[in-house]
């Protein structure tokens, strides 16, 4: 490129050095560590080499089998020293370095970096930011390396350096508590967030997603080999938590603070939908689907997977039940499949053809967009940004609700009216009154 008077940027040159060494390593002729370090140091010393370039380089170095935490620490120290004694790394770069150390399994080095960052504090605003602690605790949690002693040490450090806990940090603590099945602590942290009057501390979609996951372990039936999680006294019922989420959604609209994070996302509704389906609260699932519609959100393939596969699992369970006290499960399965024509079916009869028939029933002769069965079952990949219509899911869940009702409950030719009467109390319980005036919810920030 130089011969043609085309010069690569310093950021690209550093990337090329790493990529060429990765190739050489695969051919068993890598550079010596000192040689690679010297070559990279020369590029990183160029004044125009930015921290953004450094962050991109760290992402590429994850693929180098011989680059370890010690190498990266030396390289980062060189970069900082070359910028002068007063230079401090940006928070985004600190977080990226922590992620690299976690990737190579050097969690102690990552923890040391966070502590040294605070010890070198010059009272700049970034030193009062909980971001590095959030990243560290999140990585420790995902690797099951966060002991109570380690957690207390990190919290003591934050208290010592007067670092306030922000919403992402508290969300990470909630995720950690849920993962360890410390549900009492998870909901105590949630209560702490609710008590904070600051508008940017309104619980967001990640907080509610974690809490719905926690409730799933308490409410949804589990394998006989797994002990049912005990529900702490401060844990709300699923419908109550759903209502609280929508109340926070309203509050986020009212405060109109740009720092407020979105409260309701497709992913959050999916987690709630899965919880209601697994716990066989079909009216609760129907209200969740109505919330998709009201918020102008479109379900994704996971929404369809949860509804269809969980319904089929419930049908199989009902058909294999022989105990008299579980007869209601058998009756429900028969009614859901179509009534008397389904009597005598066995669990092994629930083949893909049944799933196809249910999907066809859901779509019927409408122009609704729905994923194919292969995509729903995970046998076919679909782009993440593809969205589908909610009406087919509403039909499937409505059918499940009607299957729970006796013929006496359903007036002849008035199934829709009977369904509305069945669902009305559920709407009042799960949805704040002011949200449903005009039958439409407004979109929250973000």
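Among the residues of the range 379-396, those identified as under 24 Å from the mean Cα position of the chain (by Cα) and within 20 Å of residue 363 (Cβ to Cβ) are 379, 380, 382, 386, 387, 388, 389, 390, 393, 394.
Scanning the range 51-90 for residues that are out of contact with any helix residue (DSSP H, G or I) (no Cβ under 6 Å at 6 or more places or on another chain), in a loop (DSSP other than H, G, I, E, B) and surrounded by 14 or more Cβ atoms within 10 Å (Cβ to Cβ) turns up 68, 82, 83, 88, 89.
The set of residues in the range 194-216 that are surrounded by fewer than 19 Cβ atoms within 10 Å (Cβ to Cβ), more than 16 Å from the chain's Cα centre (by Cα) and assigned to a helix (DSSP H, G or I) comprises 194, 195, 199, 200.
Take residue 309 and decide whether it is at pLDDT 95 or above, assigned to a helix (DSSP H, G or I), within 27 Å of residue 335 (Cα to Cα) and more than 15 Å from the chain's Cα centre (by Cα). So residue 309 does not fit the description; no. Within the range 379-404, the set of residues being exposed (fewer than 12 other Cβ atoms within 10 Å of the Cβ) and either within 18 Å of residue 313 (Cα to Cα) or modelled with pLDDT of 85 or more (or both) comprises 379, 381. Evaluation of residue 154 against the conditions (1) assigned to a loop (DSSP other than H, G, I, E, B); (2) surrounded by 15 or more Cβ atoms within 10 Å (Cβ to Cβ); (3) more than 18 Å from the chain's Cα centre (by Cα) shows that the sole unmet condition is (1).
In this structure, is residue 175 touching a residue at least 24 places away in the same chain (Cβ under 8 Å), touching a helix residue (DSSP H, G or I) at 6+ places or on another chain (Cβ under 6 Å), more than 20 Å from residue 113 (Cβ to Cβ) and surrounded by 15 or more Cβ atoms within 10 Å (Cβ to Cβ)? Criteria met by residue 175. Could you check the range 355-378 and list, in sequence order, the residues that are farther than 20 Å from residue 398 by Cβ and loosely packed, with under 15 Cβ neighbours inside 10 Å? Listed by number, the residues that qualify are 372, 374, 378.
Checked across the range 237-246, the condition of being modelled with pLDDT of 95 or more, more than 17 Å from residue 206 (Cα to Cα) and under 20 Å from the mean Cα position of the chain (by Cα) holds for at least one residue. In this structure, does residue 442 turn out to be within 30 Å of residue 259 (Cα to Cα) and either modelled with pLDDT of 85 or more or in contact with a helix residue (DSSP H, G or I) (Cβ under 9 Å, 6 or more places away or on another chain) (or both)? Judged against the criteria, residue 442 is a match. For the range 228-252, the tally of residues that are in a loop (DSSP other than H, G, I, E, B) and under 20 Å from residue 284 (Cβ atoms) stands at 6.
The values are calculated or read from the model by the stated rules, or taken from the named source; none is laboratory data. Source: prediction; values computed, not measured. Here Cβ is always computed from backbone atoms with ideal geometry, including for glycine, and neighbour counts include all displayed protein chains.
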